[in-house]
Amino acid sequence: MVTLGPFLKRELRLLARQKADWLNPVLFFLIVLSLFPLGVGPEPNLLRIIAPGVIWIAALLSVLLAAERLFKDDYRNGVVEQLVASRQPLLAFVLAKLLANWLSTGLPLVLLSPLVALLLNVDMASFIAMVLTLLLGTPLLSLLSVLGAALTVSADKGGILLALLILPLYIPLLIFASAAMEAASMALPYHGQLAVMLAMLLFALALVPVAVTSALKINVS
Amino acid sequence: MFKWLHPYAKPETVYHLCGRLMPWLMGAALLLLLLGNIWGLAFTPPDYQQGDSYRIIHLHVPAAIMSMGTYSAMAIAAFIALVWQVKVAQWSVLAIAPIGAVYTAIALITGMAWGKPMWGTWWVWDARLTSELILLFLYLGVIALSGAFSDRQTGAKVASLLAVVGVINLPIIHFSVEWWNTLHQGASITKFAKPSIDPSMLWPLLISILAFKILMLALLCVRLRTAILVNEQHRPWVKAMAGD
Amino acid sequence: MYFQSWAEFWAMGGYGLFVWLSFGSSYVMLAALAWYSQYQHKQFKRQLSAKLAREKRLQQYQEQAH
């Protein structure tokens, strides 16, 4: 854990230098969301009904967009190889990646949620549920995308493959997050859905870093 | 036990063992499949509710059961491949995946063909059908991932890792889809209650399930033999065999 | 045999299309997988022995040249 700090500092510095890496997915998220009303019509009630699904699918797509480049640069210039070879704690590197990924793609989505609520005509109760599900769900999304990125880091054709791997694993999150927002819009309690999401997040937090480190080791060997 | 098992993990032994077993397995699978299906198609009475359409059960249920059984077999092979670095287990993962994908596709297609007369529509977002569709995606993911690397070894290992991750996730996916389904659908579709099955219908079904299981092993033998040859093509025993 | 005639057997009590569609497509897919697996095996064996024969000829030629 001692080495987590320097790794995190490095990740954040890289992100500050390459602004397109995290600005583009956020922009993409907003554009996808503004396309939906244009496609299905500006009827406020219709928008309110489809909002939970639309928000979560847009969030997934924008996180996927950022995921592809997660380990690519570090793999190409040999950082991953050096870390594996020098028996440095790979776990700290992975955790720093995760945290930086969430700070750069998950957190902006949470911060943008008031704007999204305005665009899709979401009422106050659903808005609170949306913020809560985004807070619990985006870290899980980051975990899954880090896993996908680690699996495909040395693959010849990453992009669409990454989506194919992550989408099935993402289904439980989609179901529970949009169910919580739907329950909130009908003024029903949604603690249960949030609790399940928290359980899934903790479960993934325990297992995914292990899988990611072994995936990285396989990819450089 | 491991000392006893270890010689069986040698690629050459496995190659010859599979070659010897394959014709027997294939013959038994074909025989049982024909027996179970003809029995089920022609020699059992129709269901009192569903008439003769229920006869699809003799393909649908074996394919669905074995699509999951094949996934667990693949996951076990993947686990062995990752933990003990057994080469043959690694290659088995890639050899099993297409078999499982075909079984899953059969379960889906027969499910749709059964759903059309029973539910009135080809596709229903029924919990079991949806889970099966996601299972197909997981199989396709394993196959696609293993083919995406220029190095065969890395592809096999990464695909094994994905198979293990998938098997941990499958219960979560299944449970959440079931929950989602009850939330969204309620009583809108008339899901037929499964009648307790009559022994005269059960026997052909059990035979068909066994046939699918043996067929999986037979196909695995063929595919594993190819995988062993491809990966061991520079070894002397392969050269000696292919040379003459 | 439960059915009275072959025509009745093919009709499957009105569900013929669905029953035979599922049986037909399943058998086609299983046969395709079995055939393709066998074909891959044969094909690779043929390629490998061709490659080995080529290497052998090359070696003989080099020995003659010396």
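The values are calculated or read from the model by the stated rules, or taken from the named source; none is laboratory data. All values reported here derive from a predicted model rather than from experimental measurement. Note: ideal-geometry Cβ built from the backbone for every residue, glycine included; neighbour counts use all protein chains shown. The protein model used for the area step is the full one, side chains on, heavy atoms only, and it has no ligands, DNA or RNA in it. Shrake-Rupley method; radii C 1.70, N 1.55, O 1.52, S 1.80 Å.
Things to note:
- Angle of helix C:16-65 to the longest C-alpha principal axis of chain C, folded into 0 to 90 degrees and rounded to 10: 10°.
- Distance between region B:199-240 and region C:3-66 - C-alpha centres, whole angstrom: 14
- Across peptide B:226-235, the mean count of Cβ atoms from other chains lying within 10 Å of each residue's own Cβ comes to 3.
- Shape metrics for region B:1-153, restricted to C-alpha atoms - Rg then Dmax, Å: 19.0, 57
- Cα shape, the protein assembly as shown, gyration tensor, a/c 1.5 rule: oblate
- In region B:56-83, the residues whose accessible area drops by at least 40 square angstrom when the other protein chains are added to the isolated chain are B:Ile56, B:Leu59; the probe is 1.4 Å and only protein heavy atoms count.
- Relative to the dominant Cα principal axis of chain B, helix B:11-42 is inclined by about 20°.
- Summed over both chains, the contact between A and B buries some 2300 Å² of accessible surface at a probe radius of 1.4 Å.
- The share of accessible area on region A:4-220 that comes from carbon and sulfur is 71 percent, using a 1.4 angstrom probe.
- Overall form of region C:24-66 per C-alpha gyration tensor (a/c, 1.5; a/b vs b/c): prolate
- Counting only protein heavy atoms and using a 1.4 Å probe, the accessible area of A:His191 comes to about 140 Å².
- Placing dummy labels 7 Å off each Cα toward the beta-carbon, the span from B:Leu21 to B:Leu35 is 2.0 nm.
- Between region B:81-98 and region A:189-221, the Cα center-to-center distance that results, in Å: 24
- Residue-normalised accessible area of chain C, given per residue in Å² at a 1.4 Å probe: 72
- One chain, two ends: C:Lys45 and C:Ala65. Fully extended at 0.36 nm per residue, the span grows by 4.2 nm beyond their Cα-Cα distance.
- Charging the Cβ of each Asp and Glu at -1 and of each Lys and Arg at +1, and nothing else, the dipole of chain C about its Cα centre rounds to 540 debye.
- Calculated [θ] (222 nm, deg cm²/dmol) that DSSP helices of n ≥ 4 give over chain A, each run adding -39,500 (n - 2.57): -28000 deg cm²/dmol
- For B:Asp47, distant residues with modelled amide H under 5 Å away: B:Tyr54
- Annotation note: chymotrypsin sites (Phe, Trp or Tyr not before Pro) in region C:1-50 located in DSSP loop regions with a Cβ neighbour count of at most 15 within 10 Å are C:Tyr2.
- Residues in region B:76-114 that a label on B:Arg152 would reach, taking backbone N under 15 Å of a point 7 Å out along Cα→Cβ: B:87-96
- Computed FRET value (nearest 0.05) for A:Ala195 with A:Gln88, which takes r as the C-beta separation and R₀ as 41 Å: 0.65
- Tensor-based shape of region A:4-220 (alpha-carbon gyration tensor, a/c under 1.5 rounded, otherwise prolate or oblate): prolate
- Peptide-level mean, for B:128-139, of C-beta atoms on other protein chains within 10 Å: 2
- Measuring between alpha carbons in the structure, the pairs from A:Lys72/B:Lys157; A:Lys19/B:Lys157; B:Lys10/C:Lys51; B:Lys10/C:Lys42; B:Lys87/C:Lys51 lying more than 27 angstrom apart are A:Lys19/B:Lys157.
- Centre-to-centre, using Cα atoms only, region B:109-130 and region A:70-100 are separated by 46 Å.
- Average accessible surface for chain B: 45 Å² per residue, computed with a 1.4 Å probe over protein heavy atoms with every protein chain in place.
- The alpha-carbon of B:Lys116 sits under 20 angstrom from the alpha-carbons of these lysines, leaving out residues fewer than 8 places away in its chain: B:Lys191, B:Lys194.
- Selected from B:Ala95, B:Ala42, B:Ala63 as most flexible by GNM, with chain B as the system and alpha-carbon contacts under 10 Å: B:Ala42
- Longest DSSP-loop-exposure-free segment, trypsin sites (Lys or Arg not before Pro), chain A, at most 12 other Cβ within 10 Å: A:1-86
- Placing a label point 7 Å from the Cα of B:Ser200 along the Cα-to-Cβ direction, no residue of region B:62-91 has a backbone N closer than 12 Å.
- Highest GNM mean-square fluctuation among A:Phe93, A:Phe203, A:Phe127, for chain A modelled with Cα contacts below 10 Å: A:Phe203.
- Between C and B, buried accessible area from a 1.4 angstrom probe totals roughly 3300 Å², ignoring ligands, DNA and RNA.
- Relative to the longest principal axis of the Cα atoms of chain B, helix B:199-231 runs at roughly 30 degrees.
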